[in-house]
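Working notes, structure below.
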Amino acid sequence: MQKTATVDGLHLKGTVHPAKKANLDIGGLAGINSGLVKNCSFAGTVSGTERIGGIAGRNKVSGIIEDCTVSGTIYGDHYIGGIAGLSSGYIRSCYVKSQLRGKTYVGGIAGESRGYIRRCDVKAEIVGTDYVGGIAGQASGYIRSCKVKSVISGAAYVGGIAGSATIVSDSYVMTHLQAVQLYGSILGIAETPY
């Protein structure tokens with residue numbers, strides 16, 4: 001979707017699994033979002049290799065995803081998220097009730113977030129190897145006012161909110177967490193914000 005595009009009130013059910021070998025940037029509604037997606041939902045299965053999300057595979061800097069709901073199963077190898085596989089933009093007021101599986105960078109909202117995640121709610125089973133979190137596998141941006149009630153498991157960099165993050169505030173976590181090293185009820189590891 002382009003910067004000027006808006007999708008409002010679109011509700012989809014189904015399975016998204018491209019047949020091509022390079023299964024990159026796969027989403028329930030959009031592969032790459034640079035515009036506004038609001039009041040939308042996806043129920044079903046989304047799968048691929050890298051940057052896989054329930055709404056968008058990749059949410060770019062100008063991208064906004066708000067008031068969206070995802071339920072079902074989302075899986076792949078790297079950058080797997082309930083809303084977006086990789087987000088550099090804004091995600092707010094979204095709800096995810098799903099099973100998420102991947103290897104690295106697996107999160108209830110975003111596999112990796114370089115932007116903002118705010119007022120999101122996750123109830124999920126989240127399974128990965130490294131950088132696994134209830135909201136984000138890794139977050140170099142902001143996470144604020146989010147809630148997580150999930151089962152989360154991984155090997156290293158595993159956290160109730162994020163496997164690795166810089167700024168997290170006003171968030172609530174109730175998880176069953178399993179990991180081998182570098183894990184915590186909030187963060188697997190806290191990074192400096194610069």
When residues of segment 117-130 are limited to those that are assigned to a strand (DSSP E or B) and of a type outside the set (D, E, K, R), the one nearest to Asp77 (Cα to Cα): Val127
Some residue of segment 6-17 being of a type in the set (Asp, Glu) and either within 12 Å of Gly81 (Cα to Cα) or touching a Ser or Thr at 6+ places or on another chain (Cβ under 9 Å) (or both): no
Strands (runs of 3 or more DSSP E) wholly inside segment 1-79 that include at least 1 residues being surrounded by 20 or more Cβ atoms within 10 Å (Cβ to Cβ) and at negative phi: 11-16, 24-27, 30-33, 36-38, 41-47, 50-53, 56-59, 64-66, 69-75
Number of the exception - Thr192 against (1) part of a strand (DSSP E or B); (2) open to solvent by 20 Å² or more (accessible area, probe 1.4 Å): (1)
Options Val173, Val180, Val158, Val151; residue that is β-branched (Val, Ile, Thr) and within 19 Å of Tyr116 (Cα to Cα): Val173
Filtered residues of segment 96-114 (kept if within 19 Å of Thr192 (Cα to Cα) and either crowded, with 23+ Cβ neighbours inside 10 Å or within 11 Å of the chain's Cα centre (by Cα) (or both)): Tyr105, Glu112, Ser113
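One line per residue, one yes/no per condition, for (1) in a strand (DSSP E or B); (2) out of contact with any His (no Cβ under 6 Å at 6 or more places or on another chain); (3) under 22 Å from Tyr90 (Cβ atoms):
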position: Val132; (1), (2), (3): yes, yes, no
position: Ile143; (1), (2), (3): yes, yes, yes
position: Val148; (1), (2), (3): yes, yes, yes
position: Val151; (1), (2), (3): yes, no, no
position: Val158; (1), (2), (3): yes, yes, no
position: Leu177; (1), (2), (3): yes, yes, no
position: Leu182; (1), (2), (3): yes, yes, no
Residue that is least open to solvent (accessible area, probe 1.4 Å) [pool: residues in segment 130-168 that are more than 16 Å from the chain's Cα centre (by Cα) and at pLDDT 95 or above]: Ala156
Test for Val122: is it crowded, with 24+ Cβ neighbours inside 10 Å and under 12 Å from the mean Cα position of the chain (by Cα): yes
Selection from segment 47-80 of residues that are under 11 Å from the mean Cα position of the chain (by Cα), within 15 Å of Val106 (Cβ to Cβ) and not β-branched (Val, Ile, Thr): Arg51, Gly53, Gly54, Gly57, Tyr79
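The values are calculated or read from the model by the stated rules, or taken from the named source; none is laboratory data. Only a predicted model underlies this, so the values are computations on that prediction, with no experimental measurement involved. Don't worry about glycine lacking a Cβ; one is built from the backbone with ideal geometry, like all the others, and counts go over all protein chains shown. Ligands, DNA and RNA are stripped out before the accessible areas are found, and what is left, the full protein with its side chains, is counted by its heavy atoms. Shrake-Rupley method; radii C 1.70, N 1.55, O 1.52, S 1.80 Å.
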